[in-house]
Amino acid sequence: MGDVAVTITRALELPRIVHLGPNLYGAAFSLMKLLPARHILDRARDDGLLEPGTVVIESTSGTFGLALAMECRLRGRPLVLVSDPAVDPALRRRMRDLGAAVDIVAEPADVGGYQRARLDRLAELCSRHPRHFLPAQYSNPENPGAYALLADELAATLGWVDVLVGPVGSGGSMCGTVAGLRDVLGRDVRAVAVDTPGSVLFGQRDAPRRIRGLGNSLMPPNLEHSVFDEVHWVSDREGFAATRALHRRHALYMGPTSGAAWMVAQWKARLEPDARVVVLLPDEGHRYQNTVYDDTWLRRHGLRLRRLPSRPVEVDTPGDGGPEWSWLRWNRRPLAAVVPKGAAA
Ligand SMILES: Cc1ncc(COP(=O)(O)O)c(C=O)c1O
C-alpha cells in the first residue's frame, strides 16, 4: 500500500459537507483558516520568500493565528503573532505550545481600535526582523486564492450551487469561494455576506462588537464588495443564539460566525425553495464552550436571547442597519456606489 498519510493541517483543511435542509447545505470546517495558511506559505516557499530563518509575522486575534501556528510548527518555521488582550487565554496558550511567539498590544489606537494598534506593532517587529515574511491575510490575494480548492470540492460534491452564504472578516473566504464557484461551475452564483452592526465592512460606523471573526474595524483590501448580492448585519446576541440553535437542531458544534451565517442561510433557503444554498461554517465550538455555550456567561453579559428572529428587517442604506438582524440588497455594487466617500466610518 502506498503512503496515504498527510499532515494534520492537510487532513483538516477541507470541510465536511452536510445536509441541513431540503435545499440547504453546510460546509462545516474544523478550522477554515488552515486553507489560506497553507496556501500562502506554499506560495511564499515556491516564490523563494522563505529562506532558512525567515520569520513569519502576522497580526491576528483568532483562527488565522492558530492555523499559522500549526502550519509553521510542522515546517519548523519561526512565527511571531501580534494580538490583543481579547485573544482568549486558551488560544494564546495553544499558539505558544505550538512554538509561536505571541506579542500582545496593550492599548487600542484612537482610530481603528486594536486592529490599528496591532498593525503599528507589526511594522515595528518587521524592522526588528529584517528577514521576515508577512502572510498579510487582509491584503494578500493568495488568501482568497486559497479558496479555489474549496470551490472545486463543493462543485465536485454538490454538482451545482445557486447561493453562497458566509461570514466576512478579511473577505478571503467568501470572495475567493464565490469567484471559484462562478469559474468552475460556469454559471452565476449569488453571494450573501454576513456582517455585524458596528463593523465598517459594508459601510457602517465602527463601534464595539462582541462577536469575533466576522466584521472589522478596518477595511481589508481583500474585500471585493462588487461580488455580493446581499449583506446582512446579525447582532452578537442573535449570532450566539443561532449558534446554540444550530447545535440543538443539527448536532453541529460550531463557533458563533457559523451560527450567524446559518441563521441567514436558513432564511434564504426557506425564501427560495428552488435555490440550492450553501453556507460556510468556519470553526468548531470548543473555543466558545465557556462563553457562547454557557448560559450563565450569556446572561451575565446581557447576551441571552430566548427566541431567534424569524426574518430580518430590510434597509435601504448601511446606516439604517442594526441594531438587530437587518439586510440590504447590495446588488454587486462597489462600496463607493453604496456609501459615498466620507459618509461612513
Ligand atoms: C471564526 C471565523 N469565522 C469567519 C471568519 C471570516 O473569514 P474571512 O476572513 O475569510 O472573511 C474568520 C476570520 O478570521 C474567523 O476567524
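Taken together, the values in this text are just the output of simple stated rules run on the coordinates, not laboratory data. On a predicted model such as this, the values are computed, not experimentally measured, just so you know. Cβ: placed from backbone, ideal geometry, glycine included. Neighbour counts: every protein chain shown.
Quick rundown of the values:
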read-out: Difference of contour (0.36 nm per residue) and Cα-Cα distance, D295 to A90; value: 71.8 nm
read-out: Amide H contacts of A191 (H built 1.01 Å from N, under 5 Å, at least 5 apart or other chain); value: L164, D229, E230
read-out: Choice from V184, V102, V231 showing the highest fluctuation, given a GNM over the chain with Cα pairs closer than 10 Å; value: V184
read-out: Residues T157, T196 arranged by fewest to most Cβ contacts within 10 Å; value: T157, T196
read-out: Derived scalar couplings ³J(HN,Hα) [segment 232-241; Karplus, 6.51 cos²θ - 1.76 cosθ + 1.60; whole Hz; x for Gly, Pro]; value: 10, 10, 10, 6, 4, 5, 5, x, 5, 5
read-out: Per-residue Cβ neighbour rank within 10 angstrom, fewest leading, C175, C126; value: C126, C175
read-out: DSSP-defined beta bridges in segment 34-147 - what % are antiparallel, rounded to 5; value: 10 percent
read-out: Among beta bridges that DSSP assigns inside the chain, antiparallel share in %, nearest 5; value: 30 percent
read-out: Expected 222 nm ellipticity per residue - DSSP helices of 4 or more, -39500 (n - 2.57), all of the chain, to 500; value: -11000 deg cm²/dmol
read-out: Loop-resident sites, segment 240-345, for GluC sites (Glu not before Pro), counting at most 13 other Cβ within 10 Å (DSSP); value: none
read-out: For the chain, size of Cβ-based charge dipole, Lys and Arg +1, Asp and Glu -1, in debye; value: 840 debye
read-out: Signed unit charges on C-beta, dipole axis of the chain, positive-most listed residue G76, V194, L298; value: L298
read-out: Cα-based shape type of segment 182-288, given that a ≥ b ≥ c are square roots of the gyration tensor eigenvalues and the cut on a/c is 1.5; value: oblate
read-out: Cα-based shape type of the chain, given that a ≥ b ≥ c are square roots of the gyration tensor eigenvalues and the cut on a/c is 1.5; value: rounded
read-out: With 5 Å bins from 0: P(r) over segment 118-263, alpha-carbon pairs, percent; value: 2, 10, 16, 18, 19, 16, 11, 5, 3, 1, 0
read-out: Nitroxide proxy distance, nm - points 7 Å out along Cα→Cβ at L308 and H19; value: 1.9 nm
read-out: Estimated dipole of segment 34-133 in Debye, rounded to 20 [Cβ of Lys and Arg +1, of Asp and Glu -1, Cα centre]; value: 340 debye
read-out: Selection of trypsin sites (Lys or Arg not before Pro), segment 163-212, meeting DSSP coil and at most 14 other Cβ within 10 Å; value: R187, R205
read-out: Residue-span extension gain [V111 to C126] - 0.36 nm each, minus C-alpha spacing; value: 3.2 nm
